[in-house]
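Contents: one structure, followed by commentary.
The values are calculated or read from the model by the stated rules, or taken from the named source; none is laboratory data. Treat the numbers as computed from the prediction; the structure is a model and nothing was measured. Here Cβ is always computed from backbone atoms with ideal geometry, including for glycine, and neighbour counts include all displayed protein chains. To get the accessible areas, we keep the full protein, side chains included, count just its heavy atoms, and leave off ligands, DNA and RNA. Shrake-Rupley method; radii C 1.70, N 1.55, O 1.52, S 1.80 Å.
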Amino acid sequence: MSIPSIKIRARLEGDRLELRTQLTHPMETGQRKDASARLLPAHFIQQIVITLNGTPVIEVDCGPGLSANPNLAFRLRGAKVGDLLQVSWHDNRGQSSSETLLLV
């Protein structure tokens, strides 16, 4: 993709991490119709996983009700400078994406 599919912003204060993400995804419900009145096939994120140093800390099961290009925010404890944070998603068509950030 030419546009990053995941944008991450993280702010570390002590051991508290404030994480904001934007996921680039069309999030099609499968209920809308195109100009020819044909249903557009469903295409949506099913799972978002956030790991800290390889250990899952947040797992979100999603569905077609999530908006296109969703923005999500989370707060975590126990993070420190030098930790690796990874955000990844998987959709109903088998596509996936992940982005890793080194906390500074």
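Just a few scattered comments:
- Ellipsoid fit via the Cα gyration tensor, the chain: semi-axes of 31, 12, 11 Å, each the root of five times an eigenvalue, largest first.
- Along the chain, counting only trypsin sites (Lys or Arg not before Pro) with a DSSP assignment other than H, G, I, E or B and at most 16 other Cβ atoms inside a 10 Å radius, the longest segment between sites is 39-79.
- Counting charges near HIS43 (Lys, Arg +1; Asp, Glu -1) among other residues having Cβ under 9 Å from its Cβ returns a value of -1.
- Calculated accessible area for the range 54-95 comes out at 62 Å² per residue, all protein chains present (probe 1.4 Å; ligands, DNA, RNA ignored).
- Shape category assigned to the range 1-52 from the gyration tensor of Cα positions, a/c cut at 1.5: prolate
- Kirkwood Rh and Cα Rg combined as Rg over Rh, evaluated for the range 52-104: 0.99
- The range 58-98, accessible surface, carbon-and-sulfur percent (1.4 angstrom probe): 46
- Since only VAL104, LEU39, HIS90 are under comparison, the one whose Cα sits farthest along the positive direction of the charge dipole of the range 18-104, derived from C-beta charges on Lys, Arg, Asp and Glu, is LEU39.
- In a reduced charge model with +1 at each Lys and Arg Cβ and -1 at each Asp and Glu Cβ, the range 30-104 shows a dipole moment near 180 debye about its Cα centre.
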